[in-house]
Amino acid sequence: MTDAPISAQLFDRAQRVIPGGVNSPVRAFKAVGGTPRFMVRGQGAYLTDADGRTYVDLVSSWGPMVLGHAHPAVVEAVREAAVTGLSFGAPTLGEVELAEELINRVNAVGSGGALEQVRLVNSGTEATMSAIRLARGVTGRHKVVKFAGCYHGHVDALLAAAGSGVVTFAQPDTDGVTGAQTAETIVLPYNDLAAVEAAFAAGGADIACIITEAAAGNMGAVAPDPGFNAGLREITARHGALLISDEVMTGFRVSAAGWYGLDPVEADLFTFGKVMSGGLPAAAFGGKASIMSHLAPSGSVYQAGTLSGNPVAVASGLATLRNCTPDVYAKLDAAADQIGKLASAALSDAGVVHRVQHAGSLFSIFFTDEPVRDFAGAQRAQNANPLIYKAFFHAMLDAGVYLPPSAFEAWFVSAAHDANVIDRIAEALPLAATAAAQAANNPS
Ligand SMILES: Cc1ncc(COP(=O)(O)O)c(C=O)c1O
């Protein structure tokens with residue numbers, strides 16, 4: 001018998017049978033230290049761990065749980081779908097309805113028509129990987145431009161770091177990815193249109209597409225500068241390349257039509273995930289029919305999936321989106337604004353230099369006074385003193401608030417983050433700000 005916390009016991013056990021004890025690296029708390037909490041229950045804005053402690057959840061499963069955990073309409077839709085059949089490997093009505101829901105939301109923006117067809121897949125990674133394959137198939141070109149600090153899932157070619165010069169080929173950013181796989185990838189600084197122009201001037205005829213997070217959330221929240229996405233649109237159009245707007249994180253979260261609803265730059269292809277699945281594995285990519293029709297079986301670009309369009313995942317996504325009313329988006333915006341202001345006030349009171357950055361209702365804190373516009377800026381802020389976020393995170397966790405266990409992640413609210421929930425966060429903040437101040441003053 002041991003009296004170690006149950007989460008610690010489970011983590012020991014997990015590490016024997018699962019590499020690092022987790023099924024996705026950030027969950028292991030490596031960036032903040034300590035033991036990951038094993039969760040047993042989610043309800044509204046709260047998570048409960050295996051030791052019976054409850055936390056206000058500001059991770060929201062990294063985005064999907066936009067209505068809060070175990071929303072009754074979503075749970076009921078999933079239950080109904082499950083009893084009807086878990087998977088058929090044949091078309092279902094729900095897939096058509098989910099495709100229509102995504103299309104209607106996106107096409108409600110501007111003069112409409114940006115999204116005519118979508119293909120459902122199982123993860124954001126599959127969505128971006130397939131969108132890139134499609135862009136290459138449609139253009140007959142091979143190179144891909146991505147931005148440092150933007151994450152698009154664990155696609156081999158995108159696990160790449162910038163080469164030595166702006167237009168040189170990227171290097172693998174992880175073992176297991178080969179130089180050949182990243183040789184067709186060009187990694188540029190985010191929010192730097194001059195670098196994009198230079199890359200296209202050097203070899204635009206070979207570039208199939210640019211893929212960009214519609215607003216960056218994977219280096220902390222870093223919104224595109226005004227005109228950045230529009231600039232990407234103009235440059236790609238001028239050079240006959242496609243623009244892929246990755247809305248896996250922002251899609252149907254920052255507005256009814258995702259980032260596109262806030263910054264209506266029409267991409268050739270959009271990728272979606274997270275919110276559109278309501279927490280089950282479903283994602284999508286889509287665009288104009290003239291592009292999407294290149295996909296098999298109507299076209300010659302192969303793409304497939306045994307569980308794609310899974311009826312239970314589709315039911316969860318549809319129920320989630322149908323309950324994402326204008327009121328829900330107003331609540332997300334208000335909660336993000338309020339929590340950001342409370343955190344900022346507590347940190348200011350404790351004398352901690354910081355900035356709260358928003359990208360719609362995504363937000364995060366950087367411990368710097370410099371605006372963070374790209375990955376280099378995010379790294380500068382974090383590397384100046386990695387202990388500050390660590391101290392802040394653990395003090396919040398001890399006080400019952402579950403923040404992302406990495407400074408490079410956005411914070412996600414849900415419609416269940418009401419005044420009571422925000423009060424609990426407000427109560428936790430002063431001690432956490434003091435802990436951050438201590439770490440800031442003792443950088444060793
Ligand atoms: C912008 C973006 N694209 C793609 C992905 C990959 O999605 P998934 O983890 O479902 O493969 C993520 C995941 O966080 C993401 O944030």
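The values are calculated or read from the model by the stated rules, or taken from the named source; none is laboratory data. Here the structure is a predicted model, which is why all the values come from computation and not from measurement. Note that we place each Cβ from the backbone using ideal geometry, even for glycine, and neighbour counts take in every protein chain shown. Ligands, DNA and RNA are stripped out before the accessible areas are found, and what is left, the full protein with its side chains, is counted by its heavy atoms. Shrake-Rupley method; radii C 1.70, N 1.55, O 1.52, S 1.80 Å.
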For the chain, compute Rh as the Kirkwood radius over C-alpha pairs and then the Stokes-Einstein diffusion coefficient at 4 °C and 1.567 mPa s; write the answer in µm²/s, rounded to an integer. 58
If you average the C-alpha positions of the range 325-390 and of the range 162-213 separately, how far apart do those two centres end up, in angstrom? 29
For LYS143, tell me the accessible area in Å² from a 1.4 Å probe, rounded to the nearest 10. 30
Are there DSSP H segments in the chain that both extend 30 Å or more along their axis (alpha-carbon positions) and score a mean Kyte-Doolittle hydropathy of at least 1.0? List them, or say none. none
Calculate, for the range 73-323, the solvent-accessible area per residue in square angstrom, rolling a 1.4 angstrom probe over the heavy atoms of the protein chains. 37
Per DSSP, the loop-located chymotrypsin sites (Phe, Trp or Tyr not before Pro) within the range 271-305 having at most 16 other beta carbons within 10 Å are TYR302
222 nm [θ] for the chain, helices only, -39500 (n - 2.57) per DSSP H run of 4+, per residue, to 500? -12500 deg cm²/dmol
Please label the shape of the range 48-110 as rounded, prolate or oblate, based on the square roots a ≥ b ≥ c of the eigenvalues of the alpha-carbon gyration tensor (a/c under 1.5 means rounded; beyond that, a/b larger than b/c means prolate, else oblate). oblate
Judged on accessible area alone, 1.4 Å probe, highest first, PHE88, PHE393 line up as PHE88, PHE393
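Once Rh is set to the Kirkwood radius over Cα pairs, what Stokes-Einstein translational diffusion coefficient, in µm²/s, holds for the range 1-89 at a temperature of 20 °C and a viscosity of 1.002 mPa s?
Answer, rounded: 142 µm²/s.
Whenever you get a sec, compute what percent of the accessible area on the range 147-246 sits on carbon and sulfur atoms (1.4 Å probe).
The value for the range 147-246 is 58 percent carbon and sulfur by accessible area.
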Carbon and sulfur: what percent of the range 1-105's accessible surface (1.4 Å probe)? 57
Which is farthest toward the positive dipole end of the range 73-323 among ALA202, ASN122, PRO224, measuring Cα position about the Cα centre, with Cβ charges +1 (Lys, Arg) and -1 (Asp, Glu)? ASN122
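Share of the range 306-365's accessible area from carbon and sulfur, percent, 1.4 Å?
Ligands and nucleic acids excluded, carbon and sulfur reach 54 percent.
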Roughly how many Å² of ARG233 are accessible to a 1.4 Å probe, to the nearest 10? 50
For GLU95, what accessible surface area do you get with a 1.4 Å probe? Give it in Å², rounded to 10. 50
Where both partners of a DSSP beta bridge lie in the range 73-323, what percent of those bridges are antiparallel, to the nearest 5? 40
Out of the range 17-63, which trypsin sites (Lys or Arg not before Pro) are coil in DSSP terms and have no more than 16 other C-beta atoms within 10 Å? LYS30, ARG53
Which residue, GLY273, HIS152, PRO5, has the largest displacement toward the positive end of the dipole of the chain when charges sit on each Cβ (Lys, Arg +1; Asp, Glu -1)? PRO5
